[in-house]
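The values are calculated or read from the model by the stated rules, or taken from the named source; none is laboratory data. Since we're looking at a predicted model, the values are computed, not measured. A quick note on method: Cβ atoms are made from the backbone with ideal geometry, for glycine too, and the neighbour counts reach across all protein chains shown. Quick note on the areas: whole protein, heavy atoms, side chains included, nothing else; ligands and nucleic acids left out. Shrake-Rupley method; radii C 1.70, N 1.55, O 1.52, S 1.80 Å.
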Amino acid sequence: MTVRKAYEWGSEILAKSGIEEAQLDAWYLLEFVTGMSRAVYFADADRKMAEEKEAQYAALIKKRSKRIPLQHLTGVQEFMGLEFQVNEHVLIPRQDTEVLVETALDFLKQRGGKNMEILDLCTGSGCILLSLLFHAQQERREDSVSGVGTDISGDALKVAKENGKRLGIDAIWKQGDLFEALGTTEEVRSETYRFDLIVSNPPYIRSDVIETLQPEVRDHDPYLALDGKEDGLFFYRRIIEASASYLKDGGWLMFEIGSDQGDAVSGMMQAAGFRSVSVKKDLAGLDRVVSGMYDKCEGF
């Protein structure tokens, strides 16, 4: 079979399986198997495909047709210009989440100080924290920003650690349920853990909605990373209520949110005493990030 015929076959199989971007996914898998660029493909698409490559491509197309995510087949996903390893233990980084990283980078740039400390709750693959550290350190040209990532899943933290190692970015990884991963109350009171910025993309899908999601998400993303309990706001409440013990005065709390959660999350932050609470939209014009400043003089 030629490379062209393989690609056409793969596109047809995926389209018949209901894959929305069948041609694109068929191409990514072809590129993954052959290492062929688009330029080489257009110049030499009628070359014969090696039998072992043909078999590998066919196996991957069949797996994708069963709605296994493309990124679980290739093992990687690009995010904020960086390549992250992913598997079934972590959420696949999505473009929507880049809005949170960009908002946080704007804050770090405006603050402009040294020794800035970041906490990323529910870190998963580590894509948020590692992207922040990479781009902040690139801009400052010095290691003036440090970070801690926490997750309840030990398997997720293995992925985050490996991503940090592959990207050459140092971060501290701690396993536990939200802030509990940081240690005892005494350690917190001694200000061992006080942060300039706390970011989080917590589970925010309502439990009764999860079964309606696309198979790639419903059947392959970790349930713990999706389930926001009955109203989808469970983890926002917990983080907002506890955050005063972990933020420096003038520090900021930033969340990724579901597109229908802007009013609820910003209202909770305002009620808790956060100042300058705002909601930022994504490229589709949907509410995506809520942020606010901690000020101990404002009721905390």
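The criterion of being farther than 23 Å from A104 by Cα and in contact (Cβ under 8 Å) with a residue 40 or more places away in the chain does not hold for D227.
Checking each residue in region 41-52 for being part of a helix (DSSP H, G or I) and at pLDDT below 90 picks out Y41, F42, A43. Give the residue that is nearest to T150 (Cα to Cα), with candidates limited to residues of region 39-63 that are open to solvent by 60 Å² or more (accessible area, probe 1.4 Å) and touching a residue at least 40 places away in the same chain (Cβ under 8 Å). Filtering region 39-63 for residues that are open to solvent by 60 Å² or more (accessible area, probe 1.4 Å) and touching a residue at least 40 places away in the same chain (Cβ under 8 Å), the one nearest to T150 (Cα to Cα) comes out as K62. For region 228-250, the criterion of being among the aliphatic types (A, V, I, L, M), farther than 24 Å from L157 by Cβ and modelled with pLDDT under 95 is met by at least one residue.
Among the residues examined, A59 does not qualify as small (G, A, S), in a helix (DSSP H, G or I) and at pLDDT below 95. Scan the strands (runs of 3 or more DSSP E) fully inside region 206-300 and keep the ones with 3 or more residues being in contact with a strand residue (DSSP E or B) (Cβ under 8 Å, 6 or more places away or on another chain) and buried (at least 19 other Cβ atoms within 10 Å of the Cβ). Answer list for region 206-300: 247-256, 287-293. Among the residues of region 17-31, those identified as of a type outside the set (A, V, I, L, M), open to solvent by 10 Å² or more (accessible area, probe 1.4 Å) and either over 22 Å from the mean Cα position of the chain (by Cα) or over 14 Å from K63 (Cβ atoms) (or both) are S17, G18, E20, E21, Q23, E31. In this structure, K66 does satisfy being surrounded by fewer than 17 Cβ atoms within 10 Å (Cβ to Cβ), charged (D, E, K, R) and either touching an Asp or Glu at 6+ places or on another chain (Cβ under 8 Å) or over 30 Å from D196 (Cβ atoms) (or both).
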